[in-house]
Amino acid sequence: MHIKKLALALAGVALTACGSNEHDTAEDLNQLPSYLGTITSKTYDGTSDDLLTAGLGATGLAAATAPAYADPLNPTPAELRRNAIYSNYRAVLDISANSGYGTLYGPNVDAKGNVGSGQGMVAGSEYVAYSDDGTGNQNVTLMVQVPATFDVNNPCIVTGTSSGSRGIYGAIGSAGEWGLKNNCAVAYADKGSGTGLYTFEDDSVNLQNGVRATRASAAKNSIFTPALSDADRAAFASSSPARIAFKHAHSQQNPEKDWGKFTLQAVEFAFYVLNEKYGVLAKDNKSHIVRLTPKNTITIASSISNGAGSALLAAEQDTKGLISGVAATEPQVQPKTATGYSVRQGGASVTGQGKALFDYSTYAALYQPCIASTAAAPGRCTALVAKGLLTGTDLLSQQNDAKARLKAYGWLADSDILQAAHAGTNILVAVTYANAYGKFSVTDKVCGFSFAPTDATGTPLAFTAAQKASSFSTQNGIVGSVVYENSVGGAKAYNFGVSPSSSLADQSLDGFLCLRSLATGVDAVTGGPLSATLAAQSARVKAGMAEVAATGNLHGKPAIIVQGRSDTLIPVNFASRAYLGLNASAEGGTSKLRYIEVTNANHFDSFTNALPANIVPLHVYLFRALDAMMANLRSSAVALPPSQVVRTVPRFDNTSLITVANVPPIAAAPVTGNTITVSGTTVDVPN
């Protein structure tokens, strides 16, 4: 036997996988994808440092305060990585013992759900690179983690695209943890919207490793630099002190349109890394022969929220057969159409199926602040009544009307208890996505909004040197506060803003009515036409919205979507239920999509312990969905669970411990009253 074939056979590689001739071909050799820049890597021993917890272990991740920097003004890349993992893990998980941390989930709970006495550290290697077109303007961070327990003879990859606007470690506690515990490589992407903070006063940016540098010294190596001339930067810094720019809102690239592509690139990066690590050396003693391919490796696209939407988009766009299946929770996914299918609950048609994110977030940004208002600060409710957008003679009746309007728009009654808690979140979403979809510059201040840190009175206040130095670690979402530039008396944080049209402390209502007008294309108060300027901005935003719409066609890939019925940020009627209907219209009887709706679960598990007792963690169902998907992909004899409602059991109060009794399993054969059915293009969800 040829010596190369003998080496491959000894390594357990099927000889047919590399061609039948005696020579290396282009297809045989592992090749670096053209979009990847320099790859940096580091191996962690699993004792002093590791892939999952950055050496903190389960106990350190649960600590109330983040680890300190030896020099807060000059944190090292290792310290920034450690604190980024600490912040991002806690940003998506409830690390309270009462909510199940350490017993139902957490680093010390193994892949089979067994609670261990250790810290759950994972040894292995981490590889990081930019995806870019050569200009340095994209610089999407991709990362691959390969646990030391990776089984080359039973290989698997899981994607961990970041949720929200988080950086590269944004999915470390969700899909990342499951993948590492199950001996899979994890392919991460910050999807072009994470951890890029630019500050005008010192012209500084983040490098890939999180360290701050000047724009000039960073050159093409910054995570994000706004596309402005030196003169424009200087003018904006002078006229708008303390304002900041960040990548998701201000890259002018609408990164969401490429979230699927970036997720697929992360998978290709993982295959490259794995074949460099485990492939046999070619005759030139430099190249490696491809050993792991999509044909012999299971790849599950996963993550939560924006990352889950990215997983679905990646599966839709997968022309190379990279993805084997999908298992994702609470996806921020936007159906390309709200027609051609129907969604019913309890036999009655739901309202609002298939709405777009910018549509419903701008609607929520009007009414949720009213629900969150107090007797001492009823301004938003009062201002809405004055404009004819709300009814009621007292605060309670006005808040009830606001809740009623949200339900009439498509929110479920299950979300009522969470509406107030989401007011600030939807405001951040509305302002960020207006900028992103319209590809506006930071200097445009769309609808009078910008971003900046603010003081206790709402006045913009520049980040301190220490805050800027640690920004890579602390930016586990959107940075700074939303500032309303047009507030009476000068720029203020939106919640302190006074609208010019009413002179009320109405939490900057005029600005949010402007955003609502961009979403609808008509005046949010009168229903009349917009000014030429606003009409043009609305057209830009709508064009960006169209770029991110999902087709619903998963091309026969098996998929499991999980969502909480109480989700108030991404309501089920707008996203998962509608996507199930859209998929039915696209794939018909060939679809392998399953939908699991969990009662008493919401979007933010990190809120769980602070919210009413009838909220349970959705996180455990992500892991169960991943377990089910992996079992099916490894053996076709193991069926996917049918679509169903899982009825959880709320706690008596917030001090009670959540146990497996509160979060029953996904049923292999749900009873009729819990079964979600798809008949033709009609989705039926039981009450």
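For the range 160-174, putting each phi into the Karplus relation 6.51 cos²θ - 1.76 cosθ + 1.60 with θ = phi - 60° gives couplings of x, 5, 5, 7, x, 10, 6, x, 5, 9, x, 10, 4, x, 10 Hz, in residue order, rounded to whole numbers and with x for Gly and Pro. Qualifying trypsin sites (Lys or Arg not before Pro) in the range 245-340, where qualification requires a DSSP coil assignment and no more than 14 other C-beta atoms within 10 Å, comprise Lys283, Lys286, Lys295, Lys320. With each label modelled as a point 7 angstrom along the Cα→C-beta vector, the Thr135-Thr681 pair spans 3.8 nm.
Applying 0.36 nm per residue to the separation of Asp230 and Ala543 and subtracting their alpha-carbon distance, the gain on full extension is 109.7 nm.
Straight distance only, please: which lysines reach the Cα of Lys181 with their own Cα at less than 25 Å, same-chain residues fewer than 8 apart left out? Correct list for Lys181: Lys42, Lys112, Lys191, Lys277, Lys295, Lys557.
In the range 528-687, the C-alpha radius of gyration followed by the widest Cα-Cα span (Dmax) gives 18.7, 61 angstrom. Helices that extend 15 Å or more along their long axis by alpha-carbon positions and average at least 0.5 on the Kyte-Doolittle scale are, among the DSSP H runs of the chain, 423-438, 509-520. Note on the chain: antiparallel DSSP beta bridges, both residues inside, total approximately 55 percent of the bridges counted. Taking the three principal axes of the alpha carbon atoms in the range 367-524, the coordinate ranges are 48, 35, 34 Å, sorted in descending order. The magnitude of the dipole of the chain, with charges of +1 and -1 set on the Cβ of Lys/Arg and Asp/Glu and taken from the Cα centre, is near 740 debye.
Within the shell defined by Cβ-Cβ distances under 15 Å, the residues around Gly497 carry a net charge of -1, with Lys and Arg each +1 and Asp and Glu each -1. Considering the range 139-284 at the alpha-carbon level, its Rg and Dmax are found to be 18.2, 62 Å. The chymotrypsin sites (Phe, Trp or Tyr not before Pro) of the range 620-687 that DSSP puts in a loop, and whose beta carbon has at most 12 other beta carbons within 10 Å, are Phe652.
If R0 is taken as 30 Å, the Cβ-Cβ distance between Ala68 and Asn654 corresponds to a FRET efficiency of 0.50.
Averaged over its residues, the range 479-566 has an accessible area of 36 Å² per residue, based on protein heavy atoms and a 1.4 Å probe. The distance linking the range 65-132 with the range 379-410 is 42 Å (Cα centroid to Cα centroid, whole angstrom).
Of the accessible area of the range 88-128, with the probe set at 1.4 angstrom, what percent is carbon plus sulfur? Accessible surface attributable to carbon and sulfur in the range 88-128 totals 51 percent.
Close amide-amide hydrogen proximity is noted between Thr677 and Asp684, each under 5 Å apart and 5 or more residues distant or on a separate chain (H modeled in the peptide plane; Pro and chain starts excluded). Checking [x] 62; [y] 13; [z] 45 against percent of Cα pairs over 48 Å apart calculated from these atoms, the matching label is [y]. Measuring between their Cα centroids, the range 421-453 and the range 168-196 lie 26 Å from each other.
Across the range 395-464, the convex hull enclosing all Cα atoms gives 155 Å³ per residue.
Toward the positive end of the charge dipole of the chain, with +1 on the Cβ of Lys and Arg and -1 on the Cβ of Asp and Glu, the farthest Cα among Pro255, Asn153, Gly136 is that of Asn153. Summing Cβ point charges (Lys, Arg +1; Asp, Glu -1) relative to the Cα centre of the range 90-235 gives a dipole of roughly 280 debye. When the charge dipole of the range 576-687 is built from unit charges on Cβ atoms (+1 for Lys and Arg, -1 for Asp and Glu) and taken about the Cα centre, the candidate among Ala661, Phe607, Ala625 whose Cα reaches farthest toward its positive end is Ala625. Hey, how many Å between the Cα centroid of the range 471-540 and the Cα centroid of the range 282-324? Going from one Cα centre to the other spans 41 Å.
Fully extending the segment from Asp110 to Ala213, taken as 0.36 nm per residue of separation minus the present Cα-Cα distance, adds 33.1 nm. Ranked from largest, the principal axis spans of the Cα set of the range 553-617 equal 42, 19, 15 Å.
The values are calculated or read from the model by the stated rules, or taken from the named source; none is laboratory data. Everything numeric in this text was worked out from a predicted model, so none of it was measured. Virtual Cβ from ideal backbone geometry, glycine too; neighbours counted across all protein chains shown. Please note that ligands, DNA and RNA were not included when accessible areas were found on the heavy atoms of the full protein model with its side chains. Shrake-Rupley method; radii C 1.70, N 1.55, O 1.52, S 1.80 Å.
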